[in-house]
Amino acid sequence: MRQTELFTKTRKEAPKDEVARNAELLIRAGYVYKEMAGVYAYLPLGLRVIENIVGIIREEMDAIGGVEVSLTALQDKKTWERTGRWSDDVVDNWFKTKLKSGAEAGLGFTHEEPLTALMKDFIHSYRDLPRYVYQFQTKFRNEDRAKSGIMRAREFLMKDLYSFSLDAKAHEHFYEKAKQAYVNIFSRVGLGDRTYVTFASGGSFSKYSHEFQTVTDAGEDTIYVHEKKKIAINKEVMTDEVLADLGVTRADLIEKRAVEVGNIFSLGTRFSDAFELAYVDEKGEKKPVIMGSYGIGPGRVMGTIVETLSDENGIVWPKAVAPFKAHLIVLDSKDADATGRNPARKEAERLYAALATQGIEVLYDDREARPGEKFADADLMGMPYRIVVSDKTLASGGYEVKHRATGKTEQLAEKALIDRLGK
């Protein structure tokens, strides 16, 4: 992508009413646009990041047997009355509206009810199980407070997977596979070293659920971390019983602030009972389906990456989620060559095309702007590598390459550059 083709531009300042660092940087760097409090549009660069995160999540869900669907955002009141969760006394963050017919409808904040109702058409026998169904879907939650940028929004993308199993043993087997898949996801997006499997309340159907908490000062939760075991305990369930269950002592734990970036929990038969979702086993006996729920928000992950990995100059994207591998910058030559063309720009154009033929996507800053402006924008936007083409690099026979995460600068010839970016 050429930077002159981007309709977005960087900004020196974020909106005055924006207090979250993730949103400040994403707005300034041209990744998101703030529509209103808790509602953000993803601009071209931001969309590429989200799609990269979604791609990683999708690969891990498919690897454990997940099958992708797309359910509706508009929800039928009658479906939710089956579980009592249509009531504002039970769920206080509904967005509700009325159809022209006068019937009430809501915008989905989660999808246990509609998917359980749907699966009644497809689960009848033990031969129909297990089933693991997931989606990436826009959710709507009428939050009282939306002050954490894209980490706590009123409209947001969510991956939610629901498991349908024969019995508790089969459910537990899949639950552990899902837990490991989540560990893989956070490792792949660059948060693995600061994200902990965190023991939390399991509700009525399991002693514990598991949150995935990433340590950051911007977090809203307090967790107690056991560094050696790579686990944590949510403050809400911090008791002597929990310590005993996990074989740790209070002295082993360090209190930290964190943000919940994912969760998995057992649902038991709460929803299958409400919708009479059952199957007939080998003996002809009717039994309820055992369910689980597994959620992760790509936008929240994106915001958490910005909160935890940015520096004083801007965003630092991990390679796996960055919108582009590198930011190619041309510093125009002072003098034109015999053909009237600028040597540095001519070489930058050639390199841009050469990288494209190798399948390496770069953002090419082809603007006529000052070097300092281009360098500042590159740091703010946070691509993993910055490649500079200038009179100086032409004389050296290579390119100046800066690693955004470390600040290290080196000179690389074209082949070495392609090898580096292609890894």
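Computed values, structure above
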{"quantity": "Residue under evaluation Lys287, criteria (1) in a helix (DSSP H, G or I); (2) among the charged types (D, E, K, R); (3) in contact with a strand residue (DSSP E or B) (Cβ under 8 Å, 6 or more places away or on another chain), criterion not met", "calculated": "(1)"}
{"quantity": "Which numbered condition Trp86 misses (of (1) crowded, with 19+ Cβ neighbours inside 10 Å; (2) within 30 Å of Gln3 (Cβ to Cβ); (3) free of Cβ contacts under 8 Å to residues at least 60 places away in the same chain; (4) not small (Gly, Ala, Ser))", "calculated": "(2)"}
{"quantity": "Condition check for Lys286: more than 21 Å from Ala181 (Cα to Cα), assigned by TED's automatic domain parsing to the domain that holds Ile50 and either in contact (Cβ under 8 Å) with a residue 12 or more places away in the chain or among the charged types (D, E, K, R) (or both)", "calculated": "yes"}
{"quantity": "Enumeration of residues in segment 1-42 that are polar (S, T, N, Q), in contact (Cβ under 8 Å) with a residue 60 or more places away in the chain and touching a Leu at 6+ places or on another chain (Cβ under 9 Å)", "calculated": "Gln3, Thr10"}
{"quantity": "Options Leu355, Leu417, Leu394, Leu363; residue that is part of a helix (DSSP H, G or I), of a type in the set (A, V, I, L, M) and touching a Phe, Trp or Tyr at 6+ places or on another chain (Cβ under 8 Å)", "calculated": "Leu417"}
{"quantity": "Neighbours by Cβ (under 7 Å, 6+ apart or cross-chain): first from segment 162-186, among the acidic types (Asp, Glu); second surrounded by 22 or more Cβ atoms within 10 Å (Cβ to Cβ)", "calculated": "Asp167/Ile290"}
{"quantity": "Matching entry among Ile387, Ile360 (being more than 25 Å from the chain's Cα centre (by Cα), among the β-branched types (Val, Ile, Thr) and surrounded by 15 or more Cβ atoms within 10 Å (Cβ to Cβ))", "calculated": "Ile387"}
{"quantity": "Matching entry among Gly30, Gly38 (being modelled with pLDDT under 95, crowded, with 18+ Cβ neighbours inside 10 Å and touching a Lys or Arg at 6+ places or on another chain (Cβ under 7 Å))", "calculated": "Gly38"}
{"quantity": "Filtered residues of segment 94-112 (kept if small (Gly, Ala, Ser), under 32 Å from the mean Cα position of the chain (by Cα) and outside any strand (DSSP E or B))", "calculated": "Gly108"}
{"quantity": "Subset tally (residues that are among the charged types (D, E, K, R), in a loop (DSSP other than H, G, I, E, B) and touching a residue at least 12 places away in the same chain (Cβ under 8 Å)) for segment 399-414", "calculated": "1"}
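Yes/no per residue for (1) part of a strand (DSSP E or B); (2) farther than 24 Å from Leu26 by Cα:
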residue: Glu276; (1), (2): no, yes
residue: Glu282; (1), (2): no, yes
residue: Gly295; (1), (2): yes, no
residue: Gly303; (1), (2): no, no
residue: Trp317; (1), (2): no, no
residue: Ala322; (1), (2): no, no
residue: Leu351; (1), (2): no, yes
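The values are calculated or read from the model by the stated rules, or taken from the named source; none is laboratory data. On a predicted model such as this, the values are computed, not experimentally measured, just so you know. Neighbour counts run over all protein chains shown; Cβ positions are idealised from the backbone, glycine included.
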